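Any read-out appearing in this document is the output of simple, stated calculations on the displayed coordinates, not a laboratory observation. These numbers come from a predicted model, not from an experiment. All Cβ positions, even for glycine, are placed from backbone atoms using ideal geometry, and neighbour counts span all protein chains on display.
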Amino acid sequence: MKFGYSDVCLEHDTGSRHPETPDRLRAIRRGLAKRHGVEYVEADPATEDAVAAVHDPGYVEEVREFCASGGGSWDPDTVACEETWDAALMSAGLAQWAAAAALEGDSGRETPFSLGRPPGHHAVADDAMGFCFFNNAAVAAQSALDAGDAERVAVFDWDVHHGNGTQDIFYDRGDVFYASIHEDGLYPGTGRIEETGEGAGEETTLNVPLPAGRADEDYLLVVDEVLGPALDRFDPDLLLISAGFDAHRHDPISRMRVSTEGYALLTDRVRGVADDVGAALAFVLEGGYGLDTLAEGVSMVHETFDGRKPMEPEDEADDDTRDLVEEIREIQGLGSK
């Protein structure tokens, strides 16, 4: 794979006790150093105009001034320092690079994956939250639309937390589809199945809040029976994966049971969905707070594109997951199975 990366993102200092630290990127780099076929690309940072295309200009200015004054705690979870401004623009720029590279034809072993921080999917149009300042995936999606490189963009968020920011930014839009698998009841408490979009965006939001403890087989059932059919109907030109790795069974801040092999399986499935609908495919880093499991998860994505065939799970999806999938298919107008 091609990985977008910049040392600028290491300068976003959240303090020694914060789970979203520069060590996340260092751990990923160490893990990828053991693999072959890894290529790194340094992109340009996003411009303020590109960020303001999905965020209120006044909020963008507020972040700039907050960082220029030395930063601090924006809220109890979201911390900035003076260098956070440059890191946040770079993180968004790396996501823009991934989307543009995919649309230019990078695929297969050259599929782009942006390794930026701070993450982005909790950032709403006018506020930072959940470790996030600018919504990287949203900036990338909007940039692809504004450049005329795509008419429709889909974002599939497999982070364990619901990406409330990405959903909110595009909730009434018909040109961006947002889908999320997340742990039910976990921060920020959004992402109900009834949240399907409004106005021109009706049926362009898809939420699958899984109960705690669900594993590989449950995630795969959702991709096969809900996400795939929904994206086939939406017909995107670009599919962005908001790739968090905090649903891993050993991640310290979630209760899901996805294995390292599960991320290989998810990668293989979304690659198949993208191929089926004829969409370019790119990955954007979100969460993942166990350093070893984060590094292993990103490495599994890479190895899957490098030719490794993942092993299917032996267990069947939980009956409650099957019932939830059936209910969501009805709500989304996908019919029953």
Would you mention how many residues in segment 183-202 are hydrophobic (A, V, I, L, M, F, W, C) and crowded, with 16+ Cβ neighbours inside 10 Å?
-> 2
Considering residues of segment 243-266 that are in a strand (DSSP E or B) and in contact with a Phe, Trp or Tyr (Cβ under 7 Å, 6 or more places away or on another chain) only, the residue farthest from Glu194 (Cα to Cα) = Val258
Segment 279-315, residues that are out of contact with any strand residue (DSSP E or B) (no Cβ under 8 Å at 6 or more places or on another chain) and at positive phi = Gly307
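Considering only segment 101-108, I want to know if a residue exists there that is within 21 Å of the chain's Cα centre (by Cα), buried (at least 18 other Cβ atoms within 10 Å of the Cβ) and over 22 Å from Val298 (Cα atoms).
No.
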Determine, yes or no, whether Asp44 is surrounded by fewer than 20 Cβ atoms within 10 Å (Cβ to Cβ), touching a residue at least 12 places away in the same chain (Cβ under 8 Å) and under 24 Å from Pro188 (Cα atoms).
-> no
Return the only residue of Asp275, Asp268, Asp318 being exposed (fewer than 15 other Cβ atoms within 10 Å of the Cβ) and either in contact (Cβ under 8 Å) with a residue 60 or more places away in the chain or at negative phi (or both).
-> Asp275
Determine if segment 208-226 includes at least one residue that is over 16 Å from the mean Cα position of the chain (by Cα), surrounded by fewer than 17 Cβ atoms within 10 Å (Cβ to Cβ) and not in a loop (DSSP other than H, G, I, E, B).
-> yes
Considering (1) aliphatic (A, V, I, L, M); (2) buried (at least 23 other Cβ atoms within 10 Å of the Cβ); (3) in contact (Cβ under 8 Å) with a residue 60 or more places away in the chain, say which one Leu89 fails and leave the rest.
-> (3)
Is it the case that segment 52-67 has a residue that's free of Cβ contacts under 8 Å to residues at least 24 places away in the same chain, over 25 Å from Ala280 (Cβ atoms) and touching a Cys at 6+ places or on another chain (Cβ under 9 Å)?
-> yes
Among the helices (runs of 4 or more DSSP H) contained in segment 1-120, which hold 3 or more residues that are under 22 Å from Gly165 (Cβ atoms)?
-> 48-52, 57-68, 84-103
